[in-house]
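The values are calculated or read from the model by the stated rules, or taken from the named source; none is laboratory data. Since we're looking at a predicted model, the values are computed, not measured. Ideal geometry is used to build each Cβ from the backbone, glycine not excepted, and the neighbour counts take in all protein chains shown.
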Amino acid sequence: MSRHPTLLDPDPGSPFPPADRALSHPDGLLAVGGDLSAERLLNAYRHGIFPWYSQGQPILWWSPDPRMVFDVAKFHLPSRFARSLRKSGWHLRADSCFGAVIHACAHAPRTGQGIGTWILPEMLRAYERLHELGHAHSIEVFQDEQLVGG
């Protein structure tokens, strides 16, 4: 018997299916539909689920196994790398220009990925809203007060 992704209830408060029900092919596809409301996105991230889809597709929700988890409390910046950063002339900031960073990411050329991006206008609005609520963050790289990365 083949399994299919779950069709999400339109109510943003409705639960996601358990992440262990994600399909193995395509890798981690769990659910289809719903919306990109802050409530639904926060619920998704709490359960290891994220949206990722392209223009013309419904919202696709993924939970591949394994997932990388970056524990910032355990992060160690090697001293050699720290010295290289200091000499680079780059300056790091956090949350100083979230909108500029996510818009630049949405418009960055992606070699080998064809035309377009998964950061569609509705995704931009959703993540800007999460940022306003204090849940989405950006790390920016500046050189001579010009944004060069993020």
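As an exercise: evaluate I102 against (1) aliphatic (A, V, I, L, M); (2) at pLDDT 95 or above; (3) assigned by TED's automatic domain parsing to the domain that holds H137; (4) more than 14 Å from the chain's Cα centre (by Cα) and give the number of the one condition it does not meet.
(4)
Looking at region 128-150 only, could you name the residues that are in a loop (DSSP other than H, G, I, E, B) and surrounded by 13 or more Cβ atoms within 10 Å (Cβ to Cβ)?
Quick first cut of region 128-150, residues in a loop (DSSP other than H, G, I, E, B) only: 133-138, 144-145, 150.
Listed by number, the residues that qualify are H135, A136, S138, G150.
Of the residues F50, F16, F70, only one is hydrophobic (A, V, I, L, M, F, W, C), modelled with pLDDT under 90 and either more than 21 Å from L133 (Cβ to Cβ) or not assigned by TED's automatic domain parsing to the domain that holds D144 (or both); which?
Numbers: F50 fails: modelled with pLDDT under 90; F16 fails: modelled with pLDDT under 90.
That would be F70, the only listed residue that is hydrophobic (A, V, I, L, M, F, W, C), modelled with pLDDT under 90 and either more than 21 Å from L133 (Cβ to Cβ) or not assigned by TED's automatic domain parsing to the domain that holds D144 (or both).
Among the residues that make up region 38-56, is at least one of them among the aliphatic types (A, V, I, L, M), under 12 Å from P5 (Cα atoms) and in contact with a helix residue (DSSP H, G or I) (Cβ under 8 Å, 6 or more places away or on another chain)? It would help to see each step written out before you state the result.
Initially, region 38-56 is screened for residues among the aliphatic types (A, V, I, L, M), giving 38, 41-42, 44, 49.
Now restrict to residues that are under 12 Å from P5 (Cα atoms): none.
No, region 38-56 contains no residue that is among the aliphatic types (A, V, I, L, M), under 12 Å from P5 (Cα atoms) and in contact with a helix residue (DSSP H, G or I) (Cβ under 8 Å, 6 or more places away or on another chain).
Give me the residue from region 89-112 that is within 13 Å of L124 (Cβ to Cβ) and out of contact with any strand residue (DSSP E or B) (no Cβ under 9 Å at 6 or more places or on another chain) and, out of that set, surrounded by the fewest Cβ atoms within 10 Å (Cβ to Cβ). If you could, list the steps in order and put the result at the bottom.
The initial filter retains those residues of region 89-112 that are within 13 Å of L124 (Cβ to Cβ), namely 98-107.
With out of contact with any strand residue (DSSP E or B) (no Cβ under 9 Å at 6 or more places or on another chain) added as a condition, the list becomes 99, 102-103, 105-107.
Details: G99: 12, I102: 19, H103: 14, C105: 15, A106: 16, H107: 9.
Checking each candidate, the answer is H107.
Is one or more of the residues making up region 76-94 modelled with pLDDT of 95 or more, over 26 Å from S24 (Cα atoms), touching a Gly at 6+ places or on another chain (Cβ under 8 Å) and outside the structural domain of P10 (by TED's automatic domain parsing)?
no
From the list R80, R40, pick out the single residue that is more than 25 Å from P12 (Cβ to Cβ) and of a type outside the set (V, I, T). Don't jump to the end; show me each part of the working.
Values: R40 fails: more than 25 Å from P12 (Cβ to Cβ).
Exactly one of R80, R40 is more than 25 Å from P12 (Cβ to Cβ) and of a type outside the set (V, I, T), namely R80.
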